[in-house]
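All remarks here apply to the structure that follows.
None of the figures in this text is laboratory data; all of them are computed from the coordinates on show. What you see is a predicted model, and the numbers here were worked out from it, not measured in a lab. Every residue, glycine as well, gets a Cβ built from its backbone with ideal geometry; the counts of neighbours run over all protein chains shown.
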Amino acid sequence: MDINRDEYVDVKDALHRIGGSMDLYKRLLGQFTGGDHIDPLEEALSAGDSEEAGKLIHALKGVAANLSLIKLSAVAGELEQKVKNGVEHSDTLAELKNAYYITSQQIAEIL
């Protein structure tokens with residue numbers, strides 16, 4: 001599968017956001033990958049705790065956007081709206097998990 005790097009991780013945009021420091025960007029990416037973002041979200045959704053799930057999704061969306069993790073941020077935004085509106089979201093959750101996996105792989109290449 002040929003993955004367009006800019007679709008998932010836009011390094012140029014991220015560097016512009018943080019003043020051009022690749023060292024800082026790598027440090028921030030390392031902090032992001034050191035966290036557990038998916039399991040707590042799945043647990044909240046499984047427990048029917050849409051309020052907690054919404055908070056977790058919103059946080060993930062924001063961090064992903066700030067790090068220019070384009071696809072992950074976009075899918076998190078879609079999931080956030082579906083959870084907020086009580087709409088079926090299993091396909092979007094699967095898409096989020098896939099975007100998270102691919103993004104994590106690309107981050108590993110950068111680090």
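Side notes on the structure shown:
- Residue match in the stretch 62-72 (condition: surrounded by fewer than 15 Cβ atoms within 10 Å (Cβ to Cβ) and not polar (S, T, N, Q)): yes
- Residue in the stretch 96-108 that is aliphatic (A, V, I, L, M) and loosely packed, with under 14 Cβ neighbours inside 10 Å present: yes
- Within the set Glu78, Glu88, Glu95, Glu109, the sole residue that is closer than 17 Å to Lys12 by Cβ, without any contact (Cβ under 8 Å) to a residue 24 or more places away in the chain and of a type in the set (Asp, Glu) turns out to be Glu109.
- Restricting Ala64, Ala14 to residues that are closer than 16 Å to Tyr100 by Cβ and in contact with a Ser or Thr (Cβ under 8 Å, 6 or more places away or on another chain) narrows the list to Ala64.
- Residues satisfying the stated conditions in the stretch 85-111, i.e. of a type in the set (Val, Ile, Thr) and either under 20 Å from Ala65 (Cβ atoms) or assigned to a helix (DSSP H, G or I) (or both): Thr92, Ile102, Thr103, Ile107, Ile110
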